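The values are calculated or read from the model by the stated rules, or taken from the named source; none is laboratory data. The shown structure was predicted, so the numbers you read here are calculated from the model rather than taken from an experiment. Because the Cβ atoms are built from the backbone with ideal geometry, glycine has one as well, and the counts that use them run over all protein chains shown. The protein model used for the area step is the full one, side chains on, heavy atoms only, and it has no ligands, DNA or RNA in it. Shrake-Rupley method; radii C 1.70, N 1.55, O 1.52, S 1.80 Å.
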Amino acid sequence: MDLLPKDSLLNCLQTGELEMQGQFMLGSNYTLLVQVVTASDRFVAVCKPVRGERPLWDFPFGSLEKREAAAYLVSDTLGWDLVPPVVFRESGPFGPGSVQVFIEHDPDYHYFTFEPEDVQRLRPAVVFDLLINNADRKGGHFLKDSKSHIWLIDHGLCFHRQDKYRTVVWDFAGSPIPNNLLTDIDQFLRKLAEDNSLTRKLGELILPEELDALKKRGTRLLRDPIFPEPDETERQFPWPPV
């Protein structure tokens with residue numbers, strides 16, 4: 001997956017020419033398969049143009065693609081390497097939108113078909129979703145690549161200031177969150193408090209009140225470090241589940 005050093009890869013995603021290869025037909029929003037082409041490199045990526053976004057009542061129109069990039073920024077800052085590199089581009093052949101490195105994977109191997117040992121590797125993913133308030137973690141959003149690394153995709157419905165957590169992964173409910181993950185969250189919150197560059201970058205992708213809510217969720221996880229149980233009075237499972 002490491003085609004290039006991270007900074008070079010992000011630059012290619014941001015500035016490279018995008019050549020249309022096809023369209024993913026499943027899903028409610030337009031999702032395109034593209035080739036990212038520069039003078040020296042060529043690789044496959046996934047493009048989600050703003051103009052292909054279906055309006056939602058609870059998320060501002062035109063914001064989902066920026067949320068994809070915000071999720072990568074949080075994952076990268078935590079050092080968890082969960083989200084494939086993705087940027088938000090203001091311009092391109094399809095207009096503004098997100099462009100993310102495509103992960104080669106077996107589409108039939110996902111959360112609902114994972115071997116038990118792969119399910120047990122998902123604790124960081126669940127904590128990540130709690131932190132970013134993922135409202136749509138489906139089973140098909142887990143991709144295992146040829147090096148056995150598990151990646152997370154589709155983060156357009158994240159960072160809402162209201163609690164909208166929905167997921168298919170409740171395997172760890174009631175158990176303690178590992179200390180190493182809590183340490184990383186504590187360091188992340190410190191960076192948010194001290195690093196003006198990080199705050200500015202996130203502030204360009206999500207709303208100010210959503211950034212405040214992100215900090216509060218991180219603090220809550222440190223204060224109550226237990227994987228939550230599903231609340232039967234709330235809608236906490238996405239649909240469809242895959």
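Here are some notes:
- With a Cα cut-off of under 29 Å and a minimum spacing of 8 residues unless on different chains, the lysine pairs in the range 133-200 number 4.
- Relative compactness, the chain, computed as alpha-carbon Rg over 2.2 N^0.38 Å: 0.98
- With 0.36 nm allotted per residue and the present C-alpha distance subtracted, the V242-L56 stretch has 65.0 nm of extension available.
- Paramagnetic reach from E209 (point 7 Å along Cα→Cβ, amide N under 18 Å) across the range 99-139: 133-135
- Scanning the chain for long hydrophobic helices, with DSSP H runs required to stretch 20 angstrom or more by C-alpha along their axis and to average at least -0.5 on the Kyte-Doolittle scale, returns 64-78, 179-194.
- Contour excess over end-to-end distance, with Cα ends at S148 and A193 and 0.36 nm allotted per residue: 12.8 nm
- Between the range 165-210 and the range 60-117, the Cα center-to-center distance that results, in Å: 16
- Calculated translational diffusion coefficient of the range 71-188 (25 °C, 0.890 mPa s; Stokes-Einstein with Kirkwood radius over alpha-carbon pairs) equals 161 µm²/s.
- A straight chain from S8 to D76 at 0.36 nm per residue would run longer than the Cα-Cα distance by 23.0 nm.
- Tensor-based shape of the range 1-42 (alpha-carbon gyration tensor, a/c under 1.5 rounded, otherwise prolate or oblate): prolate
- Accessible area of the chain divided out per residue, in Å², using a probe of 1.4 angstrom: 50
- The peptide list 210-222, 149-161, put in order of mean Cβ contacts within 10 Å with the highest first, becomes 149-161, 210-222.
- For the options P84, P96, P107, a Gaussian network treatment of the chain with springs between C-alpha atoms closer than 10 Å singles out P107 as fluctuating the most.
- Averaging 1/r over each pair of different alpha-carbon atoms in the range 133-242 and inverting the result gives 15.6 Å, the Kirkwood hydrodynamic radius.
- Relative contact order computed over the range 133-242 (Cα-Cα under 8 Å; 6+ residues apart), in percent: 40
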